[in-house]
1. Taking the 0 to 90 degree range and rounding to the nearest ten, how far is the long axis of helix 78-89 tilted relative to the main principal axis of the chain, both from C-alpha atoms?
2. Using amide H atoms built in the peptide plane, which far-off residues or other-chain residues are under 5 Å from Thr44 H to H?
3. Over 10 Å intervals from 0, what percent of Cα-Cα pairs in the stretch 1-71 sits in each interval?
4. Separation between the Ala286 and Glu49 pseudo-spin-labels, each 7 Å from Cα along Cα→Cβ, expressed in nm?
5. Give the Kirkwood hydrodynamic radius (Å, one decimal) of the chain, defined as one over the mean of 1/r across all pairs of different Cα atoms.
6. What number of lysine-lysine pairs in the chain show an alpha-carbon separation below 14 angstrom, given a sequence spacing of 8 or more or placement on distinct chains?
7. How much length is gained on full extension from Lys231 to Lys271, taking 0.36 nm per residue of separation minus their Cα-Cα distance?
8. I want to check the label-to-label distance for Arg85 and Lys123. Put each point 7 Å from Cα in the C-beta direction and report it in nm to one decimal.
Amino acid sequence: ATPMSIMTATGRGAQAGVLIKNAEALEAFERVDTLIVDKTGTLTVGKPELAAVLPEAGHDEAEILRLAASLERGSEHPLAEAIVRGAEARGLTLANAEAFEAVTGMGVKGVVDGKAVALGNAKMLAQLGVEAPAATATANARRDEGETVMFVTVDGAVAGLVGVADPVKETTPQALKDLHALGFRIVMATGDNERTARAIAGRLGIDDIRADVLPEDKARIIRELQAEGRKVAMAGDGVNDAPALAQADVGIAMGTGADVAIESAGFTLVKGDLGGIVRARRLSLATMRNIR
Ligand code: ADP
Ligand code: MG
């Protein structure tokens, strides 16, 4: 590629809300046939809101939320922010957690008011050795509606559920339609639960889902697709997505996302609008055609 044509493409990209890091990214993108997209913050707004607090029998709703939020003050995860905001909106006074620990892809744990509290998904429960068939059934029903549901355990038993809802970005449905029309195979990869993922993917016509994945799994999924001969672009926003963005033939970061994601990516979508990928594809095809 000539420096001139790349400069032109870079300038046009910037106007269209896509920052292109270098010529390699633009060239590689022309050959991409598979697009992996993270869910939270990429397909969705990434600003989840507290939707429900469901105490188990014998437990108090406000107390469950207070314990959960006290713990989540130590986490920067969007789910944590939703829970803390929800608790504050209800006027709850939060405590300071001790021995706070964030377990990637699972949740958080620590000690609040002398009680061992944990908050997270089924993997977190498994790690704690806690079984909760009834709470799991309740959680699943809400997940089928697209909510992310977390278990709250207190002193080793499930005390309640916390549900959080994160709406799909306004720009996402049209962008996915256009990306399909351009011939991309679209795969959602998310650390979230299979049911929640399926509920959201179903509405968007996504081709395939990889749910319950850990951050290192996202990079592995990409390596496997590459081993099958696929050219893979990955769109993501989180610190957790950085290894996958680096592994992909083209990493696409949301400008609204974490700095480390942006640093790991070849493209940045300034406003986090996936429609930017459609514009980048047209640009990459046009640029490469001019060069040949
Ligand atoms: P995503 O790929 O959707 O951005 P993550 O890998 O960050 O998801 O998180 C995966 C799952 O782990 C979440 O859906 C949630 O169930 C659980 N989790 C992660 N961090 C937290 C947290 N701070 N509090 C509660 N649950 C969490
Ligand atoms: Mg994310």
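Just so it is clear, none of the values below were taken in a lab; they were calculated from the coordinates. Because the structure is a prediction, the values reported are computed rather than measured. Note: ideal-geometry Cβ built from the backbone for every residue, glycine included; neighbour counts use all protein chains shown.
1. 50 degrees
2. Lys169
3. Over the stretch 1-71, the share of Cα pairs per 10 Å bin runs 15, 25, 21, 11, 15, 11, 3 percent.
4. Taking the simple label geometry, Ala286 and Glu49 are separated by 3.8 nm.
5. 19.9 Å
6. Values: Lys39/Lys47; Lys39/Lys169; Lys39/Lys218; Lys47/Lys169; Lys109/Lys123; Lys169/Lys177; Lys169/Lys271.
Lysine pair count for the chain: 7.
7. Fully extending the segment from Lys231 to Lys271 adds 11.9 nm.
8. 2.5 nm
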